[in-house]
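What follows is a short report on a single structure.
The values are calculated or read from the model by the stated rules, or taken from the named source; none is laboratory data. Owing to the predicted nature of the structure, the values given are computational and were not obtained by experimental measurement. Note that we place each Cβ from the backbone using ideal geometry, even for glycine, and neighbour counts take in every protein chain shown. Note: accessible area is taken over every heavy atom of the protein model, side chains too, but ligands, DNA and RNA are not part of it. Shrake-Rupley method; radii C 1.70, N 1.55, O 1.52, S 1.80 Å.
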Amino acid sequence: MSRQLQARRTAWLEFTQLAADHRAVNLGQGFPDFSPPTFIQEALREALSGGYQMHQYTRVFGHPPLVRILAKFFGRIVGREIDPFEDVLVTAGAYQALFCAFQALIEEGDEVILVEPFFDCYQPMVELAGGKTVHVSLRPSQKVEGSGVPSSGDWVLSPEELASKFNPRTKAIVINTPNNPLGKVYKTEELQVIADLCVRHDVLCISDEVYEWLTYDGNKHVKIASLPGMWERTVTIGSAGKTFSATGWKLGWAISSVHNMKNLKIIHLGSVYQCPTATQEAVARGFEREYELFGTPESYFQQLPAMLHQKREKLASCLGAAGLQPVMPEGGYFMIADISSVKVDLSDQSTEDEPKDFTFVKWLTKEKGLATMPVSTFYSPEHRREFSQYVRFCFVKEDSTLNAAEDILRKWSQTQ
Amino acid sequence: LMHLCFVLQNIMTSRHTHTKRIEGLDKNVWVAFTSLAADPSVVNLGQGFPDIPPPSYVKEALAQAASVDKMNQYTRGFGHPSLVKALSQVYGKVYERQIDPLKEILVTVGGYGSLFSTMQGLVEDGDEVIIIEPFFDCYVPMVRMAGAKPVLIPLRLKSGKKTVTSADWFLDPDELSSKFSSKTKRRKHLHTTGRTSDELQMIADLCIKHDTLCFTTLPGMWDRTITISSAGKTFSVTGWKLGWSIGPEHLMRHLQTVMQNTIYTCPTPLQEAVAQGLQHNFELMGQPECYFSSLAEELEGKRDRMAAFLQEAGMPPVIPEGGYFMLVDVTPLNQDLSHMVQDEAYDYKFVKWMIKEKKLAAIPVTAFVGEESKKQFEKYIRLCFIKQDSTLDAAEAILKNWRKI
């Protein structure tokens, strides 16, 4: 397998190293630097002091208490009976769920539509499965002058362009909502356009919904699997790490109808076999708590987005003051900002053929001690040039980190 | 009309069936037998996990790790720094060589994940992989999923011995050699579990002669070997699902690439806790308090106990030189299973019958062999002895009462 595959994500490794070397304030990587909520840490402590079974193998496709609560929790949301043992698979992070989905469903020669910008692992995973990626870009629609801060909601797909990507070889389309890096939260009408195409062309949908609880400004997360005709053809992927701010637990899941899930299970069985027991037990307890508190102010799924809402506002205003133009995200962990108007001469910095955003990220890390990620890494090679004027910031950080970033940006804006 | 269209789509046969790579891989012995054995009234000597608690310092290390903020977030993809460092120390001592923690080690989701990363990283479409029977059942499906062909060679029992140990099962050197030479164009990989040094040397010589990669280790074999191990088995925490691969950089690089594209990283708090456990025992290596030796000593006693009560019940065991399992020949019991009409090997039927009628669970050994060797192994079942005394007492009682209805 790896003969064909280049060591990917070298950009990630390079930028992470650079951030570490310069002890930069790190708004690059997508993980919280604050603790997971007390109740989930408590749940793990309790699980660890449970009987010997907590440290030994559990059910291959998912620890029974976890699959049961996931089926119940998401069943209530999509309005259907989800079978915990047939329709749910627990995986080593959403990452492994994606891997299982591609390996189980994509054959040599299949085409898979990726909506850009996309979380960069989708492309190599499709290629690993022998598939061919076809890209369609979200584009900022023309805004009326003076109509306020650009929003991720302005970035849309052209229905005609999207429809043109479907053909008899199309096997699946991958969507990510709320989106990394853009923060777009797809509206029902937008998902309906995609759903109509999937049904008409008998195409599968892989829906990466790891940030599903993080929506702002009253935007609602909509599950494409809940639209008519979509349950049978959608694999919905979720993450305990993003749900409970514990990315290091590396637990996720895939949910779909049994005829898809039985194939994902075979891949899982042949690659990882099963996930750790104690963390599954703790996540189950976390979901049981949230099931009871759902929609109430005590729910973590209300509290976390409320907390992040403020952080998002704060970061956006600091970026604006420093001459960057932020795109206000409707959801997720990240904000992108346009660097075109930034007053800094990078002509001597850039190495040959390097996209502008790469050069800027390196400069910002080295010269200002602030680490981010270039957005062109989230595009296919063909479209990278077109979208190389954005950088991505993670705002899911504690106040001290954001304050430190704010200081850097304020000082920089004062020198301009 | 729209609604009618949706309904019609659902009735129509979808073109979405499984992909070729998973063709025929849906049967799995564990999925079949774990639920049967899960009944609390069944004494479970089937699946290989301890019902003894892990060392308390290991459990405490996990609770400690989980209370540190950073430990709940992503760590280094190829392995948490403190863990790869501890691994390079422990294995550096075992191998008597410097092991680079960043380039020569990969942490994976269990030993299983290492096997997968190795197969996907080093085995290509059209390759052949030599596997010695009986083998841990996942090897064959993993080889096939990588597009390669498994070439099987059984261990054979020396005849005429009264008490059989695992040392009486051997590889025929000529037979093994023939597996290497049949398709000289292809690179071949050899897959094995712990064997005697003479046998390993024979395997090593064949690997070097035929330029083959090997998945076991011996002096002189470093450049062509990936060694796979498990925290779950080392510290009696199978439910932690952490393992590792160790090998030369030019091979490990490919396993790391697989990791980046499949799982990306393993859980942080678990890795931190295993690092602590390894550190603790590294200091004790060579001493009786070292868990690596104390566990083996404890298990030797259990092994001898189990062998004794099996012999008394008329079932000759194969005394193992290592590991957690014991094979036993059920032929002398002469159990008539003609009422079981499924098209299955004798041992599968025997184990199902035994779980139902005797409330004792084991695993059928033909799960660990290929089609051609089934007849050779179908009178054997596998029992796990890393169990607490009360479990072994219960098993002994069942066997004592075997003849009674």
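Straight-line cross-link reach from A:Lys314 at under 19 Å between alpha-carbon atoms covers these aspartates and glutamates, not counting any fewer than eight positions away in the same chain: A:Asp33, A:Asp217, A:Glu330, A:Asp338, A:Glu398, A:Asp399, A:Glu406, A:Asp407. The local environment of A:Gly30, defined by Cβ-Cβ distances under 12 Å, has a net charge of +1 under the rule Lys, Arg +1 and Asp, Glu -1. Rolling a 1.4 Å probe over the protein heavy atoms gives the stretch B:11-112 an accessible area of 48 Å² per residue. Simple rule: put +1 on each Lys or Arg Cβ and -1 on each Asp or Glu Cβ in the stretch A:93-232, find the dipole, and look at A:Phe99, A:Phe166, A:Trp155; the Cα lying farthest toward the positive end is A:Trp155. Amide H contacts of A:Asn176 (H built 1.01 Å from N, in plane; Pro and chain starts excluded): A:Asp208 sit under 5 Å, all sequence-distant by 5 or more or on other chains.
Express as a percent, rounded to the nearest 5, the fraction of DSSP beta bridges in chain A (both residues included) that run antiparallel. Given both bridge residues lie in chain A, the antiparallel proportion sits at roughly 50 percent.
Expressed as a whole percent, the accessible surface of the stretch B:99-187 that belongs to carbon and sulfur atoms is 52, based on a 1.4 Å probe. Under the combined filter of DSSP loop state and at most 14 neighbouring Cβ atoms within 10 Å, the stretch A:128-198 retains these trypsin sites (Lys or Arg not before Pro): A:Lys143, A:Arg169.
The sum of -39500 (n - 2.57) across all DSSP H runs of n ≥ 4, divided by the residue count of chain B, sets its helix-only mean residue ellipticity at 222 nm to -13000 deg cm²/dmol. Residues whose amide H comes within less than 5 Å of that of A:Leu251, counting only those at least five positions distant or on another chain, are A:Gly93, A:Ala240, A:Gly241 (H built at 1.01 Å from N in the peptide plane). Model label points for A:His201 and A:Gln302, set 7 angstrom from Cα along the Cα-to-Cβ axis, are 4.1 nm apart. Basic side chains Lys and Arg get +1 at the Cβ, acidic Asp and Glu get -1 at the Cβ, and with that the dipole of chain B about its Cα centre reaches some 740 debye. When accessible surface is computed with a 1.4 Å probe, chains B and A are found to bury approximately 6100 Å² between them, both chains counted. Across the stretch B:217-343, Cα-Cα pairs more than 27 Å apart make up 46 percent of the total. Would you mind telling me the share, in percent, of accessible area of the stretch B:236-281 contributed by carbon and sulfur at probe 1.4 angstrom? Ligands and nucleic acids excluded, carbon and sulfur reach 46 percent.
Sparse packing (at most 15 other Cβ atoms within 10 Å of the Cβ) combined with a DSSP loop state is found for the following GluC sites (Glu not before Pro) in the stretch A:320-370: A:Glu352. The magnitude of the dipole of the protein assembly as shown, with charges of +1 and -1 set on the Cβ of Lys/Arg and Asp/Glu and taken from the Cα centre, is near 720 debye. Ignoring lysines fewer than eight residues from A:Lys366 along the same chain, the ones with Cα atoms less than 22 angstrom from its Cα are A:Lys343, A:Lys356, A:Lys397, A:Lys411.
Using a Förster distance of 51 Å, how high is the FRET efficiency between B:Tyr95 and B:Ala32, based on the Cβ-Cβ distance and rounded to 0.05? After rounding, the FRET efficiency stands at 0.85. If a paramagnetic tag sat 7 Å from the Cα of B:Lys359 along the Cα-Cβ line, which residues of the stretch B:42-71 would have the backbone N under 18 Å from that point? Label zone hits: B:42-46. In terms of its alpha-carbon gyration tensor, chain B comes out rounded; the largest-to-smallest axis ratio a/c stays below the 1.5 threshold. Given R0 = 30 Å, the distance between the Cβ atoms of A:Arg385 and A:Leu13 translates into a calculated FRET efficiency of 0.85. A simple spin-label model places the labels of B:Gln279 and B:Ser178 5.4 nm from each other, with each point 7 Å out along Cα-to-Cβ.
Annotation: extensible slack from B:Glu249 through B:Ala397 equals 48.1 nm (criterion: 0.36 nm per residue apart, minus Cα-Cα distance). Inter-chain Cβ neighbour count for A:245-257, averaged per residue, equals 4 (cutoff 10 Å, partner chain atoms only).
Cross-link check: pairs B:Lys179/B:Lys352; B:Lys352/B:Lys400; A:Lys184/A:Lys311 evaluated at a Cα-Cα cut-off of 23 Å; pairs beyond the cut-off: B:Lys179/B:Lys352.
Figure note: B:Arg76, A:Arg139 ranked by solvent-accessible area, largest first, 1.4 Å probe, ligands and nucleic acids not counted: A:Arg139, B:Arg76. Dipole magnitude for chain A: computed about the Cα centre from +1 point charges on Lys and Arg Cβ and -1 point charges on Asp and Glu Cβ, it is near 480 debye.
Taking amide H positions as modeled 1.01 Å from N, with prolines and chain starts lacking one, the residues under 5 Å from A:Thr133 and 5 or more places away or on another chain are A:Val112.
Considering only alpha-carbon pairs that sit under 8 angstrom and 6 or more positions apart, the relative contact order computed for the stretch B:339-405 is 29 percent. Specify the angular offset, from 0 to 90 degrees and rounded to the nearest 10, of the alpha carbon long axis of helix A:300-321 from the longest principal axis of the alpha carbons in chain A. Computed tilt is about 20 degrees. Spacing of the modelled spin labels on B:Gln311 and A:Arg80, each 7 Å from Cα toward Cβ, amounts to 6.1 nm. Karplus-based coupling profile of the stretch B:354-369, in residue order and whole Hz: 5, 4, 6, 8, 10, 6, 10, 10, 9, 10, x, 6, 5, 5, 10, 9, with θ = phi - 60° in 6.51 cos²θ - 1.76 cosθ + 1.60 and x standing for Gly or Pro. Pairs spanning more than 25 Å between alpha-carbon atoms, out of B:Lys302/B:Lys359; B:Lys158/B:Lys356; B:Lys27/B:Lys356; A:Lys187/B:Lys70: B:Lys158/B:Lys356; A:Lys187/B:Lys70.
Here is how the number arises for chain A: DSSP H runs of 4 or more residues each give -39500 (n - 2.57), the sum is divided by the residue count, and the result at 222 nm is -12500 deg cm²/dmol.
Each residue of the stretch B:275-292 was assigned a 3J(HN,Hα) from its phi angle through the Karplus expression (A = 6.51, B = -1.76, C = 1.60, θ = phi - 60°), giving 4, 4, x, 5, 4, 4, 7, 4, 5, 9, 4, x, 9, x, 6, 5, 4, 4 Hz with x at Gly and Pro.
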